[in-house]
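Worksheet for the structure shown next.
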Amino acid sequence: ISGYSLVVQARDSGTPPLSSSVTVSVDISDVNDNSPVFTPANYTAVIQENKPVGTSILQLVVTDKDSFHNGPPFTFTILTGNEEEEFTLDPHGVLRSAVIFKHMVSTEYVLCVQAKDSGKPQQVSHTYVQVRVIEESIHKPTAIPLEIFIVTMEDDFPGGVIGKIHATDQDVYDVLTYTLKSEQKSLFKVNSHDGKIIALGGLDNGKYVLNVSVSDGRFQVPIDVVVHVEQLLQEMLQNTVTIRFENVSPEDFVGLHMHGFRRTLRNAVLSQKQDSLHIISIQPVAGSSQLDMLFAVQMHSGGFYKPAYLIQKLTNARRHLENVIRISAILEKNCSGLDCQEQHCEQSLSIDSHSLMTYSTARISFVCPRFYRNVRCMC
């Protein structure tokens, strides 16, 4: 407890008795009786040979139970094991290389490191750091090309994470970093540590080819990343048809079935090759393992096929479509019997363009707006 606050009252012996109160604050001053604590107690680290001088090897973590003026900042010193000055230790506890290490010269170093706190008198603790020198990278990173599809309402894309690059390296201790050419940073960003791709707001309709690379510190490998942005028209929403799939997750649909089903669907519903199939959104059905896919077909002349026409085409081709993935239902715009007591009900769709869903797999990522299905009874 660092302090107490007491209220003290004095009362006299008169009639009637009179009194007054005063607040007494008692501060408990800290004595520097706790040594710094390393977490963990001892460290093991590796560094590849031929890494440049100044390469970060390890971050020391130190805490102190005393109050702030008896704790940090800490003073770090390498007591033993650094006689040839191969290492430096900065005031923040980061151990760095001071030479270019060679695996053939030495494979292991053991350092005794001291941490001293800021109290009076100062308290000290020690830890041992074992540093292994391993051979430099001999394998290049490998990365999977990524194709990203973004569906958004007209000029209303809010931005966000749209996918993730999947890269591996056979060298166990390699740390991979991702970079994006600077001329594309006005529209996209890539997280250098985990490969997540972030799109900024306001993307225009079209195709973007990103110049991304992954490096293990020695080898740098380019990655093919293509982003397709499609802006929805309001007229599309009035002519959508929903296909409901059984027992499939959004990620499995995107990664395993979307390309094949899209191709089969085009063959089933397009009257002319110049017509365009637009997948508007995919979304899990709440409380089930089902998945809804919204789509519309635009004619070469510019208009859209009516849902009744598309449903007829789908019904005729359903067996063929189910060779790709099992279909639970084909949902029409009009329905009956849903709490309308034998009257008709009408469904309408609304899109929330600021609530994006990102379904990311190793090869394909699909980003689409959330949709809501509204039902009202028609008397």
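Some observations on this one:
- Relative contact order for the range 37-134: 38 percent, from Cα pairs under 8 Å spaced at least 6 residues apart, divided by residue count.
- Taken per residue, the accessible surface of the chain reaches 56 Å², heavy atoms only and a 1.4 Å probe.
- Within the accessible surface of the chain, defined with a 1.4 Å probe on protein heavy atoms only, the carbon and sulfur portion equals 50 percent.
- Sequence-distant residues sharing a close amide H with PHE149 (under 5 Å, placed H): HIS228, SER365, PHE366, VAL367
- The slack between GLN130 and SER5, meaning 0.36 nm per residue of separation minus the straight C-alpha distance, is 40.1 nm.
- Nearby lysines by direct alpha-carbon distance to LYS120 (threshold 20 angstrom, same-chain neighbours under 8 apart not counted): LYS65
- Most tightly packed first, judged by the mean number of other beta-carbon atoms within 10 Å of their residues, the peptides 251-261, 54-64 read 251-261, 54-64.
- Cα-based helix-to-principal-axis angle, 307-321 vs the chain, degrees rounded to 10: 80
- Which listed pairs, of LYS51/LYS196; LYS207/LYS273; LYS51/LYS185; LYS102/LYS196; LYS164/LYS189, have C-alpha distances above 23 Å, in listed order: LYS51/LYS196; LYS51/LYS185; LYS102/LYS196
- Debye, to nearest 20: dipole size of the chain, +1 on Lys, Arg Cβ, -1 on Asp, Glu Cβ: 1500
- Pairs of alpha carbons in the range 118-226 whose separation is greater than 20 Å (percent): 52
- Amide hydrogen neighbours beyond the local backbone of MET357, cut-off 5 Å, H modeled: CYS368, ARG370
- The three principal axes of the Cα atoms in the range 37-134 give end-to-end lengths of 46, 20, 20 Å, sorted in falling order.
- For PHE157, distant residues with modelled amide H under 5 Å away: GLY202, LEU203
- Projected label distance in nm at ILE198 and MET104, using a 7 Å step from Cα toward the beta-carbon: 4.5
- Working note: Karplus 6.51/-1.76/1.60 with θ = phi - 60° gives the range 96-111 the couplings 10, 7, 10, 9, 8, 6, 10, 4, 6, 7, 7, 9, 8, 10, 10, 10 Hz, where Gly and Pro are set to x.
- Annotation note: chymotrypsin sites (Phe, Trp or Tyr not before Pro) in the range 172-204 located in DSSP loop regions with a Cβ neighbour count of at most 16 within 10 Å are TYR173.
- Note, ³J(HN,Hα) from phi for the range 277-292, Karplus 6.51, -1.76, 1.60, rounded to Hz, x at Gly and Pro: 9, 10, 7, 8, 6, 10, 7, x, 7, 4, x, 8, 9, 8, 9, 9
- Histogram of C-alpha separations across the range 152-196, 5 Å bin width, %: 5, 17, 21, 22, 14, 11, 5, 3, 2, 0
- 19 Å cut-off, amide nitrogen to a point 7 angstrom out along SER276 Cα→Cβ, residues in the range 224-240: 227-240
- The chain: C-alpha gyration tensor shape, a/c 1.5 cut-off, then a/b vs b/c: oblate
- Degrees separating the helix 258-269 axis from the principal Cα axis of the chain, which is the longest one: 20
- Contour excess over end-to-end distance, with Cα ends at TYR173 and GLN234 and 0.36 nm allotted per residue: 16.8 nm
- With both labels modelled 7 Å from their Cα along Cα-to-Cβ, the GLU84 to THR55 distance reads 1.6 nm.
- Relative to the Cα centre, the charge distribution of the range 37-134, modelled as +1 at Lys and Arg Cβ and -1 at Asp and Glu Cβ, gives a dipole magnitude of about 180 debye.
The values are calculated or read from the model by the stated rules, or taken from the named source; none is laboratory data. Quick caveat: nothing in here was measured; it's all calculated off a predicted structure. Neighbour counts run over all protein chains shown; Cβ positions are idealised from the backbone, glycine included. Areas reflect the complete protein model, heavy atoms only, side chains present, ligands, DNA and RNA absent. Shrake-Rupley method; radii C 1.70, N 1.55, O 1.52, S 1.80 Å.
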